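Visitor: Before anything else, here's the structure in question.
The values are calculated or read from the model by the stated rules, or taken from the named source; none is laboratory data. From a predicted model like this one, the values you see are computed outputs, not experimental measurements. Using ideal geometry, Cβ is built from the backbone for each residue, glycine included, and neighbour counts are taken over all protein chains shown. All accessible areas refer to the heavy atoms of the entire protein, side chains included, with ligands and DNA or RNA removed. Shrake-Rupley method; radii C 1.70, N 1.55, O 1.52, S 1.80 Å.
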Amino acid sequence: MGRRALLAGVGTSLLLGAPKTGMRVLSSRPEDLEMPMEGFSTWITPVEKFFVRSHHYTPDVKLADWKLSIGGKVANALTLTMEDLKKLPRVELVSVLECAGNGRGLYEPTMAGLQWEYGSVGNARWAGVRLADVLRKAGVRDGAIEVWFDGADVPVGTQPEFQRTIPMKKALDPNTLLAYEMNGAALDPSHGFPLRVVVPGWAGDSWVKWVTKIEVRDTEFEGFFMKTGYRHPGKGVTPGVAVDPALMSPVTNLNIKSVMASHADRSEVKPGPLKLTGAAWSNTSPVVSVEVSTDAGRSWKAATLGTEKAAFAWRLWEFGWTPPKDAYYSVMVRARNAAGEMQPLQQEWNPSGYSHNVVQAVRLNVTAKPSAASATMVHGDFVAPPAVLNQSCLGCHTVEPIQQQRMSRGQWEKEVEKMQRWGAPVKPELKDVLVDYLAKRYGMRPIR
Ligand SMILES: Nc1nc2c(c(=O)[nH]1)N[C@H]1C(S)=C(S)[C@@H](COP(=O)(O)O)O[C@H]1N2
Ligand SMILES: [Mo]
């Protein structure tokens, strides 16, 4: 079995680091946690809210036992302690970290994999040393093409091990770091304590955590997570069609993307001024504009960008809007970067559901009578039907025509009144109870 984790045994400590709050748990062990939408309201994502994506169990690394080895095609193989590393120049930068699979749960047709929606992304301040400085110390030999990283985490059962490479050019980029700090403190165990790779502008699969071994290579690494996992056709393919991994390449650059976080899709708001807010980010080319459409993409207006910015960071944005009348709106947001890349209006599809970045549409019903409950129903909630449903609604037809509706409280009120005109016996004092129930159980955001 060697270093492998047995299914029950090694790595049983569930909580090694700071407790995370309000996260959407996609898997508790290995740890896969999605940031809640409120995470898009601060420029720096606190560690408690920062998403976690781990293919194996979180290793319990003790600094006293930890060492970093640098070998392969180098003149002098090195073994460094944290103390040695900290003698090299310290570099700090703020960068977005986004999982290649962010948004997978929004793809149609669906595909296997963790069903991330918007929150496998965060923006943090990373500090450490330049990978280039460490490589220079070791002396990269002629013919080197890529740099390989291995972390202290070990696979579960016969799962392949998470090991990754980045091309030499990216390894020598002055912004590519070996980071020992996140947001001003030592890395949290979930985020790679004591050392991780930071590759600004690139998706999370290159940001290897718990790094213990670095090797400079003159041949392409053939490991599962380079040759099979994290590969993308580079263009959209016919939805649902399988593509040979040999015809795909590793996911590297992030896509230009923006998220509206202040309002949930299919929610209701009262008339009056609204403040729409969210965040936008890009790859190595910075975000230059965020635009909002309140008419389903017919016209666009510039949102105001936040003052806090850095080359690889996300940019907060806000947009003030007073809906001209009570109606059902499709509000959209799109970002553009300095290279002229803009989010698409239609999502291209790829077999593993990577790099999702379609313009997000948030459907808002502006109404003086919001059925607040309908916006908060979540998967698995059950609301017991009141007796009045049976007494008033199931005399002429079954529950089916009722069940398939997705209506606001205002729409349900009109529907009940129509049924009353058609002969439904609804006691006046029970009408509100009935309408409330219908709006909650069969509201605009149906129970999936
Ligand atoms: N050693 C190791 N490094 C890893 C991973 C892993 O499973 N093992 N997951 C990668 C993936 S796919 C992502 S998206 C990021 C997530 O980083 P975070 O958990 O700090 O948010 O770490 C990367 N580094
Ligand atoms: Mo990822």
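Visitor: With just the Cα atoms defining each centre, how far is segment 381-448 from segment 64-122? Give it in Å.
Guide: Between the Cα centre of segment 381-448 and that of segment 64-122, the gap is 51 Å.
Visitor: Treat every Asp and Glu Cβ in segment 218-264 as -1 and every Lys and Arg Cβ as +1, leave all other atoms uncharged, and give the resulting dipole magnitude about the Cα centre to the nearest 20 debye.
Guide: Taking the Cα centre of segment 218-264 as origin, the dipole is about 300 debye.
Visitor: FRET efficiency for Thr398 and Asp218, Cβ-Cβ distance as r, R0 = 60 Å, nearest 0.05?
Guide: 0.30
Visitor: Residues of segment 331-347 with backbone nitrogen within less than 16 Å of a virtual label 7 Å along the Cα-to-Cβ line of Arg406, please, listed as ranges.
Guide: It comes to 331, nothing else.
Visitor: Once you have the Kirkwood Rh of the chain from its Cα pairs, apply Stokes-Einstein at 4 °C and 1.567 mPa s and quote D in µm²/s.
Guide: For the chosen part, D equals 53 µm²/s.
Visitor: Taking 0.36 nm per residue of sequence separation and subtracting the Cα-Cα distance, how much length would be gained by fully extending the chain between Gln159 and Arg29, in nm to one decimal?
Guide: Stretched out fully, the Gln159 to Arg29 stretch lengthens by 45.4 nm.
Visitor: Could you please state how large a percent of the accessible area of segment 387-441 is carbon and sulfur, counting protein chains only and using a 1.4 Å probe?
Guide: Here carbon and sulfur together make up 51 percent of the probe-accessible area.
Visitor: Among the aspartates and glutamates, select those whose C-alpha is under 20 Å from the C-alpha of Lys235, and discard any that sit fewer than 8 residues away in the same chain.
Guide: Glu98, Glu108, Asp205, Asp244, Glu341, Glu348
Visitor: Take Asp432 and Asp295, extend 7 Å from each Cα along the Cα→Cβ direction, and tell me the distance between the two endpoints in nm.
Guide: Between Asp432 and Asp295, the label points sit 3.9 nm apart.
Visitor: OK, next. Around Glu415, what is the net charge, scoring Lys/Arg as +1 and Asp/Glu as -1 over all other residues with Cβ under 15 Å from its Cβ?
Guide: Residues close to Glu415 contribute a combined charge of +4.
Visitor: Given charges of +1 on the Cβ of Lys and Arg and -1 on the Cβ of Asp and Glu, with all other atoms neutral, how large is the dipole of the chain about its Cα centre, in debye to the nearest 20?
Guide: Roughly 480 debye for the chain.
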